[in-house]
Each structure stands twice: as structure tokens, then as C-alpha cells.
């Protein structure tokens, strides 16, 4: 199966998991001036000149309660994140952004940094949200270079979680025909003209294919039959793995759930091309799996993006 490249999966790093509990090895790598660190204040990062600042460990102002996170190795360099308190952002000049606001800095030549940044902010979000032991309410301390949290009261270890979410391009009609259509929806919170593929979380005990069918039916009233896997992409907003699918509709009458969507529409390729060109249809950004799904169905690049 051929489809557009999923950009945010480029540049995967060796996570060096076998070294996360080796204190001497970690100290040696932190002391190496060639190592690079991304400072995360709470769950935010401050771009500099439109790019993300990877600095040497010696250039970092580290407090005693900060958390060093070993991200891994790429091209012979060791990468880290330093998670500081949210007050760090308030005390320094410049604007600090959550992950969604950083996506422009991960485009073009910098897209290879995406797996490192997603790793860093995914763990930062987890540390931010996981303050107490869910079993006994005790205090948690970081270990394994930021990848585990251990309760000081009951000793239970917490691990980062990743929630599987399905995202799907649903089409109807004869494949490749002029009147074939794809289904896109829009949130009531989005600016005018913005549409995207439907998406939702997989529930306990549910297959991914059934999650596709259920989410599409719940949000749009469309019944989906055949479901085909497309690809996946990390999406730590805050802790998701986006699993892309192509679905074939067996019904076409839209009945939207207004709690989820403001609008849902069928688009032919000709309608999509004209509206994307004149700006009345604004599609997801080029680095997202949603964009890859849309352009795969369309058959090539489309103008405009969020």
C-alpha cells in the first residue's frame, strides 16, 4: 500500500532504555558538552528564532527539584529534557508554548526533532498530571531517568501511559470515480472553514476497527463497513498514539452529534481542490497524520493548511 510519508515519525532516536538506571553512566553523559538538553517549564517550551533551543548541559540553570529525563541518542549525541517548574517560564523572557504551539517549529528541516520533542513533552505531561500515587495517595519520586515514578509510601511504581486513538478517512462511492466522496467534520471551537478527519479514543475491550466504526457512527451517523489500517503517529496531546485508518461507508446520510461536531460534510475531489484553493476549506497541517490521510485519498498535495 502506498501513501504519503508520515513526517512526525521521522528521526526516531535510540531511547537507551538499558541505561536509565545506571547512575554513573547517566552522570557521564550529562557531563558531556556534546549532549543536548531541551528545557521544559511545566509542559511548555520556549522557541528561539522559530526553532527549539537544544543547549549543552552546562548552559542549563538546574534546580534541586528539577527532573532530568534521558531521551536517548541520535547521530552520536545524547539528548535530554530537563523538566522544571512552571515558574521558570514566568521568570524568563520570551513566550513558552505547549506542544500544539510548537508544531510550526517542527516543520521542514526540523521535523526530525519531532520524536525527541514528543518524547520530552509526553513525559513532562505525565509528570505534571501524576502528582500522587493512585493506590494510596502517597508521594511520588522520579526514577529510571524520568521514565518511572515510585511511591515513597507503598512502593508501587507508575509508568507513563499512552492512550490509543483512532483517526479515519471515510469515503463513499466507487473508488477513484469522479463522484467518490470523503467525509470531513469540524469542531464548534474551530475557526470558520476548518475541517478534518474524524477521530476518537479506543474504549476498553474494543478492537481498533470497531472503534473506527463506533466513533464515525456516534459523531456523524454514518455506518462504516470495511476498515483498513493506514499508519500511526505519536500525538502527546497529552498522551495519545494516533492510529490511522481508511474506512468505506455503507450509508451516506449525515446525522451529526452536536456535542462533538458543528458540521460534517461529504467532499468530492473536485470540491476539495476548489475550496482548498480559494481558502473556504482549511485542511489540517502538513505534518499531521490527518493531512496524510486526506492527501492519500485525494491523490496528491493540496494547498493551504491550519
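Return the residues of region 97-139 that are closer than 20 Å to residue 235 by Cβ and in a loop (DSSP other than H, G, I, E, B); say none if nothing qualifies.
Across region 97-139, the qualifying residues are 98, 107, 130.
Looking only at region 273-300, count how many residues are assigned to a loop (DSSP other than H, G, I, E, B) and more than 22 Å from the chain's Cα centre (by Cα).
Selection size over region 273-300: 5.
When region 240-259 is examined, which residues are found to be farther than 16 Å from residue 224 by Cβ and touching a helix residue (DSSP H, G or I) at 6+ places or on another chain (Cβ under 6 Å)?
Within region 240-259, just 242 meets the criteria.
Looking at region 78-108, which of its residues are at positive phi and over 19 Å from the mean Cα position of the chain (by Cα)?
Hit for region 78-108 is 94, nothing else.
Could you please give the count of residues in region 160-191 that are closer than 30 Å to residue 67 by Cα and touching a strand residue (DSSP E or B) at 6+ places or on another chain (Cβ under 6 Å)?
Selection size over region 160-191: 4.
Within region 239-260, track down each residue that is under 26 Å from the mean Cα position of the chain (by Cα) and surrounded by fewer than 17 Cβ atoms within 10 Å (Cβ to Cβ).
Listed by number, the residues that qualify are 241, 248, 257, 258, 259, 260.
Please go through region 134-156 and give me each residue that is touching a strand residue (DSSP E or B) at 6+ places or on another chain (Cβ under 8 Å) and either in the same structural domain as residue 242 (by TED's automatic domain parsing) or within 18 Å of residue 80 (Cα to Cα) (or both), ordered by number.
Of everything in region 134-156, those that are touching a strand residue (DSSP E or B) at 6+ places or on another chain (Cβ under 8 Å) and either in the same structural domain as residue 242 (by TED's automatic domain parsing) or within 18 Å of residue 80 (Cα to Cα) (or both) turn out to be 142, 143, 145, 146, 147, 148, 149.
Which one of 101, 85 is more than 18 Å from residue 146 (Cα to Cα) and assigned by TED's automatic domain parsing to the domain that holds residue 121?
After ruling out the rest, the residue left standing is 101.
The values are calculated or read from the model by the stated rules, or taken from the named source; none is laboratory data. Note that this is a predicted model, so its numbers are computed, not measured. In this analysis, Cβ positions are derived from the backbone assuming ideal geometry, glycine residues included, and neighbour counts consider all displayed protein chains.
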